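A short write-up of the structure that comes next.
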Amino acid sequence: NHKELIDPALLRPGRMDLHIHMSYCSFNGFKTLASNYLGIQNHHHPLFDDIQGLLDKVNATPAEVAGELMKSDNVDISLKGLINFLQCKHNNTSK
């Protein structure tokens, strides 16, 4: 997780040639996940605005977002569950 703590000998060419930056879930990433898991093809749903606002405030990994989206096949239930998850996460980080 912390590249600066790794022995430089392990980072020299031939040892570790690929560095991948794993970021938190962006709104565009969420839309891709929503399309894949819920079949939302037009990339818009009335709850998307709420989700975008929360993703701007909360650091959530793509795995966390996908986990919430997989909890129900019903689009509205799944998106409302994600909103609840993000709101709880926001409330816990605000304290």
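The values are calculated or read from the model by the stated rules, or taken from the named source; none is laboratory data. Quantities reported herein were computed from a predicted structural model and do not represent experimental measurements. Counting neighbours? That spans all protein chains shown, and the Cβs are built from the backbone with ideal geometry, glycine included. What goes into the accessible areas is simple: the full protein's heavy atoms, side chains included, and nothing from ligands, DNA or RNA. Shrake-Rupley method; radii C 1.70, N 1.55, O 1.52, S 1.80 Å.
Overall shape of the chain was characterised from the C-alpha gyration tensor. The equivalent ellipsoid obtained from it has semi-axes of 32, 17, 11 Å, in decreasing order. Put simply, the amide H of S26, placed in the peptide plane, has no neighbours under 5 Å, leaving out anything fewer than 5 places away on its chain. For the range 3-11, 3J(HN,Hα) computed residue by residue from phi via the Karplus equation (6.51, -1.76, 1.60; θ = phi - 60°) reads 4, 5, 8, 7, 4, x, 4, 7, 9 Hz, glycine and proline entered as x.
Can you put S35, S94 in order of accessible area, largest first, using a 1.4 Å probe?
I get S94, S35, largest accessible area first.
Computed log10 I(q)/I(0) for the range 16-70 at 0.17, 0.23 Å⁻¹: -0.54, -0.89, from the Debye equation with unit scatterers placed on every C-alpha and solvent omitted. Counting lysine pairs in the chain that sit 8 or more residues apart in sequence, or on different chains, and whose Cα atoms lie under 19 Å apart gives 9. A crude spin-label estimate for the pair M70 and L18, with each label 7 Å from Cα along the Cβ direction, gives 2.2 nm.
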